[in-house]
Amino acid sequence: MNINTLTVIDNRTDATYTLPIENGAIRTMDLRQMKTSPDDFGLMGYDPAFMNTASCKSAITFIDGDKGILRYRGYPIEELAEHCSFLEVAYLLLHGELPNKTENEEWTRQITYHTMLHESIKKFMDGFAYDAHPMGILVATVGALSTFYPDARNIHDEASRRTQIYRLVAKMPTLAAFAYRHSRGLPYAYPDNDLTYTQNFLNMLFKMTEVKYRPEPALARALDVLFILHADHEQNASANVMRAVGSAHTDPYLSTAGAAAALAGPLHGGANEAVLRMLDQIGKKENIPDYIKGVKEGKYKLMGFGHRVYKNYDPRAQIIKNTAEQVFQVTGRNPKLDMALELEKIALNDDYFVKRKLYPNVDFYSGIIYQAMGFNPQMFTVLFAIPRTAGWLAQWQEMLQDGEQKISRPRQIYVGYGMRQVEQPEPGTKAKAA
Ligand SMILES: CC(C)(COP(=O)(O)OP(=O)(O)OC[C@H]1O[C@@H](n2cnc3c(N)ncnc32)[C@H](O)[C@@H]1OP(=O)(O)O)[C@@H](O)C(=O)NCCC(=O)NCCS
């Protein structure tokens with residue numbers, strides 16, 4: 001007998017089935033043959049929130065949540081963060097290999113070349129209220145790019161896909177920076193092509209009256225590292241949206257808008273903003289035990305803790321902790337770090353968190369660094385969306401090239417009414433449901 005199989009006895013019919021196991025999984029479609037009668041639809045899998053269902057095969061990112069391992073295309077995240085720039089890592093995610101010198105130069109040239117936005121986008125942006133959340137602005141404006149690039153609908157054309165990838169990776173920082181400047185009532189600062197990706201982003205955010213903005217190299221490098229850590233995370237909520245929207249053959253700008261909307265939620269990319277608000281709410285170290293008590297009583301969650309996949313220390317949180325020290329050498333120490341460290345120490349020794357394997361995730365420390373760099377909490381998720389765009393695009397492209405993928409369309413288990421009829425109305429009265 002082939003040991004890579006699963007034998008199932010359907011006790012309803014006493015029938016026995018042998019299902020192949022491939023890559024540690026059975027195909028849920030193989031359950032469909034299990035029927036109680038010829039007109040039975042067949043057995044389905046029920047898995048709300050995809051807790052144990054693989055929706056695709058992917059060669060992009062590997063996570064071992066129990067061991068705390070994260071790799072892009074086989075490279076450990078720690079090595080990429082130490083030796084590469086964000087653009088090199090974005091190239092790796094999208095192309096499968098790190099770029100050689102010539103490839104890197106061409107990739108960087110293309111991204112630099114595509115940073116400008118159509119002037120009409122500025123008018124569009126001006127229409128938002130002064131206090132509009134920059135994430136809402138980002139979602140709306142990246143979706144609006146779809147109207148400027150109708151060629152993006154040629155999703156099966158490799159050259160067109162490549163162009164949209166250049167545009168999206170290049171324009172996200174410009175959109176993000178313009179959203180920020182709008183929320184501060186500042187004039188938009190145009191891209192400076194002499195600068196690197198993250199240096200230019202800092203330029204577009206913080207340039208004031210100086211002729212040439214000179215970014216602090218340590219801060220630009222720290223941002224590069226943070227961007228590398230956030231670039232992809234396999235089938236997370238927003239990557240899943242990117243694939244699902246893209247599976248309808250929607251163009252990549254609209255698909256990215258969908259993915260960014262998912263990222264905006266506080267259970268996903270919005271968590272770093274929520275961590276800062278939580279630290280503000282706690283106020284001082286002395287209040288931490290009371291706060292932890294409230295968490296254990298189920299009143300609220302400890303934001304920045306816990307993860308669907310990591311049941312160990314999130315490797316990104318460790319790298320961020322080190323990056324924080326480098327940033328603080330330039331900006332001065334953010335006192336919130338000490339509070340966060342204390343919170344972590346108490347939580348990691350508390351039975352409630354130990355038992356549930358709740359460890360700090362990437363969002364626990366990133367907000368503290370961003371705040372020290374001068375960003376307000378509303379910008380944190382936007383800072384997540386920029387690098388994650390490379391991951392979304394890699395996932396989108398892989399989905400399009402996967403012959404097994406079709407329009408993404410889950411099944412449901414219908415638990416509503418059986419067939420019923422609308423009561424015939426009395427003359428002169430409205431119809432109502434039976
Ligand atoms: C990330 C997250 C959504 C994962 O959720 P999940 O995989 O569905 O895990 P669950 O909600 O089933 O959590 C399992 C248990 O841990 C508890 N738990 C999970 N995260 C918790 C947190 N941050 N604080 C307190 N308790 C938490 C749950 O209440 C549950 O307890 P129970 O078994 O007594 O009911 C969740 O951990 C969370 O909300 N964290 C805070 C938000 C955050 O930091 N998000 C960023 C993710 S990168």
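The values are calculated or read from the model by the stated rules, or taken from the named source; none is laboratory data. Just so you know, these numbers come straight off a predicted model, no measurement behind them. Methodologically, a virtual Cβ is constructed for each residue, glycine included, from the backbone with ideal geometry; neighbour enumeration extends over all protein chains shown. Accessible surface is based on the protein model in full, side chains and every heavy atom, while ligands, DNA and RNA are left aside. Shrake-Rupley method; radii C 1.70, N 1.55, O 1.52, S 1.80 Å.
Laid out as a table, the results:
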read-out: Environment charge at THR28 (Cβ cut-off 11 Å; Lys +1, Arg +1, Asp -1, Glu -1); value: +1
read-out: Carbon and sulfur %, accessible surface of the stretch 73-221 computed with the full protein complex present, 1.4 Å; value: 53
read-out: Rounded tilt (10° steps) of 237-247 against the dominant C-alpha axis of the chain; value: 70
read-out: Cα-based convex hull volume of the stretch 200-333 per residue, rounded to whole Å³; value: 163
read-out: Carbon and sulfur %, accessible surface of the stretch 266-345 computed with the full protein complex present, 1.4 Å; value: 49
read-out: Kirkwood Rh, Cα atoms: Rg over Rh of the stretch 308-392; value: 0.99
read-out: GLN33-GLN329 FRET efficiency (beta carbon distance; Förster radius 56 Å; 0.05 resolution); value: 0.35
read-out: Chain lengthening between GLN318 and ALA54 when straightened (0.36 nm per residue, less Cα-Cα); value: 92.3 nm
read-out: Loop chymotrypsin sites (Phe, Trp or Tyr not before Pro), the stretch 1-91, which have at most 12 other Cβ atoms in a 10 Å radius of their Cβ (DSSP); value: PHE41, TYR46
read-out: Calculated log₁₀ intensity ratio I(q)/I(0) where the Debye formula runs over C-alpha points of the stretch 246-300, q = 0.13, 0.14, 0.19, 0.28 Å⁻¹; value: -0.51, -0.55, -0.73, -1.06
read-out: For the stretch 350-424, fraction of C-alpha pairs farther apart than 16 Å, in %; value: 75
read-out: 222 nm mean residue ellipticity, helices alone, for the chain (DSSP H n ≥ 4; -39,500 (n - 2.57); rounded to 500); value: -16000 deg cm²/dmol
read-out: Mean Cβ neighbour count within 10 Å, used as a protection proxy, ranking 30-37, 92-99 highest first; value: 92-99, 30-37
read-out: Protection proxy ranking, peptides 294-300, 231-237, average beta carbon neighbours within 10 Å, highest first; value: 231-237, 294-300
read-out: Nearby lysines by direct alpha-carbon distance to LYS285 (threshold 16 angstrom, same-chain neighbours under 8 apart not counted); value: LYS293, LYS336, LYS345
read-out: Packing rank of 139-147, 153-161, where each peptide gets the mean count of other beta carbons within 10 Å, highest leading; value: 139-147, 153-161
read-out: Angle between the chain longest axis and helix 271-282 axis [Cα atoms, degrees, rounded to 10]; value: 70
read-out: Volume in Å³ per residue [convex hull over Cα atoms, computed for the stretch 202-249]; value: 114
read-out: Kirkwood-based Rg to Rh ratio, the chain, C-alpha trace; value: 1.02
read-out: Relative pair counts by distance (%), Cα atoms of the stretch 89-214, 10 Å bins; value: 12, 39, 34, 13, 1
read-out: Given charges at beta-carbon only (K, R positive; D, E negative), |dipole| of the chain in Debye; value: 840
read-out: FRET efficiency estimate (nearest 0.05) - Cβ-Cβ, GLU404 to TYR352, R0 41 angstrom; value: 0.45
read-out: Value of relative contact order over the chain, rounded to a whole percent, pairs C-alpha under 8 Å and six or more apart; value: 19
read-out: Charge context of ASP40, other residues only, Cβ under 14 angstrom, K/R +1, D/E -1; value: +1
read-out: Compactness of the stretch 270-356, expressed as Rg and Dmax over alpha-carbon positions, Å; value: 13.3, 40
read-out: Cβ-defined net charge surrounding MET399, 15 Å radius [Lys, Arg +1; Asp, Glu -1]; value: -2
read-out: Crossing angle, helix 252-263 versus the chain [Cα axis fit, 0-90 degrees, rounded to tens]; value: 90
read-out: Residue-normalised accessible area of the chain, expressed per residue, 1.4 Å probe, Å²; value: 51
